[in-house]
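Asker: Handing you this structure, nothing more for now.
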Amino acid sequence: MTATDLLASALGDLEALERDGLAALRDSRDAESVEAARIEYLGQKQGRLKAAQERLKALDPAGKRVYGQRFNATKGALEAAWTEAKARAERPAAAGAAADALDVTLPGRKTRLGHRHPLTQTADELIDLFGRFGFEAARGPEVEDVFHNFEALNIPPSHPARDTLENFYLSDALMLRSQTSPIQIRVMEARRPPVRVIAIGRVYRPDTVDATHSFMFHQIEGLMVDVGVTMADLKTVLRLFAESYLGTDVKIRFRPSFFPFTEPSVEVDMLWHGGERWVEMGGAGMVDPNVLRAVGYDPEEVTGFAFGLGIERLCMRRHAIDDIRLLYQNDTRFLSQF
Ligand code: DAH
């Protein structure tokens with residue numbers, strides 16, 4: 001071996017010795033293992049450092065100078081590590097563990113809080129708003145029977161809305177509800193007037209998905225039945241709602257329309273921030289006498305109004321969201337903005 005090779009090999013071994021020794025001392029947790037590491041690396045008789053020192057003899061003068069310096073550095077590092085390990089092993093166990101577990105001088109770690117989905121926020125806000133108008137929240141099943149989804153709502157078997165291509169039928173008698181209106185029927189079946197409820201929930205229609213359509217979306221249904229309820233009450237409630245939810249500068253208008261379960265029926269539009277364009281918010285009307293009769297109410301005695309609005313649309317208008325699909329993708333870059 002040339003003198004250069006000899007030096008290189010000795011330096012390589014010294015480096016490995018230092019790495020191993022520091023690791024052994026760092027990892028020893030009690031007095032015995034610290035002492036064992038000391039004997040293995042720093043021991044006067046058989047210690048590995050002692051053996052490394054012996055290799056000095058075989059080097060030429062230039063090699064001795066280089067190796068000697070590295071050797072002293074390694075020795076210093078190992079001795080310092082041993083002093084530290086010994087002190088650590090001597091500390092009472094509990095204090096040692098606690099000191100390892102928590103450094104109170106470090107800056108705190110920020111916990112990131114999640115929040116409710118924008119659609120849930122909208123739904124909660126609507127429940128709260130209508131609650132203040134005296135409407136109480138009701139629910140109904142998403143797997144609905146054809147009787148409640150259509151029949152009791154005065155939608156006859158021949159009606160195009162019942163087409164198999166317009167609905168998700170599960171059997172002849174069961175379907176995923178296509179609207180929240182069947183909840184009106186369930187509420188009226190269960191109680192006597194006066195009734196003042198809203199219901200929020202998912203509805204399903206086999207629409208092709210695009211920026212404004214989805215096969216599943218949410219509606220809010222409202223129903224008020226009492227002695228002497230008129231169209232003026234409907235208009236007032238919807239106007240107050242629009243002003244509360246979207247702002248006092250929002251106007252609403254009614255357009256004549258047709259729904260089998262209301263007579264007369266209207267579609268409700270909202271004009272937003274003094275804009276040019278009326279946006280359709282949903283349908284409404286006076287509950288059809290046939291519907292009242294179907295649940296055992298007397299249309300000569302009580303009257304009522306009902307409405308159904310799309311929640312996505314309200315949420316999208318409120319937050320200027322232009323694609324309904326964003327609401328269902330659960331992309332936190334989108335959701336964290338609300
Ligand atoms: N259910 C209707 C739909 O999904 C919306 C609707 C219209 C609900 C008129 C009503 C109503 O309660 O009175 O298109």
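The values are calculated or read from the model by the stated rules, or taken from the named source; none is laboratory data. Predicted, not measured: the structure shown is a model, and the values here were computed from it. Note that we place each Cβ from the backbone using ideal geometry, even for glycine, and neighbour counts take in every protein chain shown. These accessible areas exclude ligands, DNA and RNA; they are computed on the full protein's heavy atoms, side chains included. Shrake-Rupley method; radii C 1.70, N 1.55, O 1.52, S 1.80 Å.
Asker: Among the listed residues 25, 17, identify the single one that is under 19 Å from residue 86 (Cα atoms), assigned to a helix (DSSP H, G or I), touching a helix residue (DSSP H, G or I) at 6+ places or on another chain (Cβ under 7 Å) and of a type in the set (A, V, I, L, M, F, W, C).
Answerer: 25
Asker: Sticking with this one: Inspect all residues belonging to the range 286-297 and state whether any of them is near the ligand (Cβ under 10 Å from one of its atoms) and over 21 Å from residue 134 (Cα atoms).
Answerer: Yes, the range 286-297 has at least one match.
Asker: What are the pairs with Cβ atoms under 6 angstrom where one residue, in the range 169-186, is touching a residue at least 12 places away in the same chain (Cβ under 8 Å) and the other, located anywhere, is within 13 Å of the ligand (Cβ to nearest atom) and open to solvent by 60 Å² or more (accessible area, probe 1.4 Å)? Sequence gap at least six, or different chains.
Answerer: Qualifying pairs under 6 Å: 178/205.
Asker: Which ones in the range 128-142 are assigned to a loop (DSSP other than H, G, I, E, B) and basic (Lys, Arg)?
Answerer: Listed by number, the list holds a single entry, 139.
Asker: Right, here's the next one. Name the single residue, out of those in the range 308-338 being open to solvent by 70 Å² or more (accessible area, probe 1.4 Å) and basic (Lys, Arg), that is farthest from residue 247 (Cα to Cα).
Answerer: That would be 333.
Asker: Still on this model: Residues of the range 43-61 being open to solvent by 50 Å² or more (accessible area, probe 1.4 Å) and in contact (Cβ under 8 Å) with a residue 12 or more places away in the chain, which ones?
Answerer: Once the filter is applied, which keeps residues that are open to solvent by 50 Å² or more (accessible area, probe 1.4 Å) and in contact (Cβ under 8 Å) with a residue 12 or more places away in the chain, the range 43-61 yields 48, 53, 55, 56, 58, 60.
Asker: I would also like to ask the following. Which numbered condition in (1) free of Cβ contacts under 8 Å to residues at least 12 places away in the same chain; (2) in contact with a helix residue (DSSP H, G or I) (Cβ under 8 Å, 6 or more places away or on another chain); (3) not polar (S, T, N, Q) is the only one that residue 106 fails?
Answerer: If we test residue 106 against (1) free of Cβ contacts under 8 Å to residues at least 12 places away in the same chain; (2) in contact with a helix residue (DSSP H, G or I) (Cβ under 8 Å, 6 or more places away or on another chain); (3) not polar (S, T, N, Q), just (2) comes out false.
Asker: Residue by residue through the range 314-331, note down the ones that are touching a residue at least 60 places away in the same chain (Cβ under 8 Å), out of contact with any Leu (no Cβ under 8 Å at 6 or more places or on another chain) and not β-branched (Val, Ile, Thr).
Answerer: Of everything in the range 314-331, those that are touching a residue at least 60 places away in the same chain (Cβ under 8 Å), out of contact with any Leu (no Cβ under 8 Å at 6 or more places or on another chain) and not β-branched (Val, Ile, Thr) turn out to be 319, 322, 323, 325, 328.
Asker: Say whether the condition of being within 13 Å of the ligand (Cβ to nearest atom) and either aromatic (Phe, Trp, Tyr) or touching a Leu at 6+ places or on another chain (Cβ under 6 Å) (or both) is met by at least one residue in the range 147-154.
Answerer: Looking for residues that are within 13 Å of the ligand (Cβ to nearest atom) and either aromatic (Phe, Trp, Tyr) or touching a Leu at 6+ places or on another chain (Cβ under 6 Å) (or both), one finds at least one in the range 147-154, hence yes.
Asker: Being without any contact (Cβ under 8 Å) to a residue 24 or more places away in the chain and not in a helix (DSSP H, G or I): is that true of residue 249 here?
Answerer: In short, no.
Asker: For the range 172-192, which positions are basic (Lys, Arg), over 17 Å from residue 217 (Cα atoms) and either within 13 Å of the ligand (Cβ to nearest atom) or in a helix (DSSP H, G or I) (or both)?
Answerer: Selection gives 186 alone.
Asker: Here are the criteria: (1) open to solvent by less than 20 Å² (accessible area, probe 1.4 Å); (2) outside any strand (DSSP E or B); (3) within 15 Å of the ligand (Cβ to nearest atom). Tell me which single one residue 235 does not satisfy.
Answerer: Of everything listed in (1) open to solvent by less than 20 Å² (accessible area, probe 1.4 Å); (2) outside any strand (DSSP E or B); (3) within 15 Å of the ligand (Cβ to nearest atom), residue 235 misses just condition (1).
Asker: Residue by residue through the range 143-171, note down the ones that are open to solvent by 60 Å² or more (accessible area, probe 1.4 Å) and either in contact with a helix residue (DSSP H, G or I) (Cβ under 7 Å, 6 or more places away or on another chain) or not in a helix (DSSP H, G or I) (or both).
Answerer: Of everything in the range 143-171, those that are open to solvent by 60 Å² or more (accessible area, probe 1.4 Å) and either in contact with a helix residue (DSSP H, G or I) (Cβ under 7 Å, 6 or more places away or on another chain) or not in a helix (DSSP H, G or I) (or both) turn out to be 143, 157, 158, 163, 164, 165, 166, 168, 169, 170.
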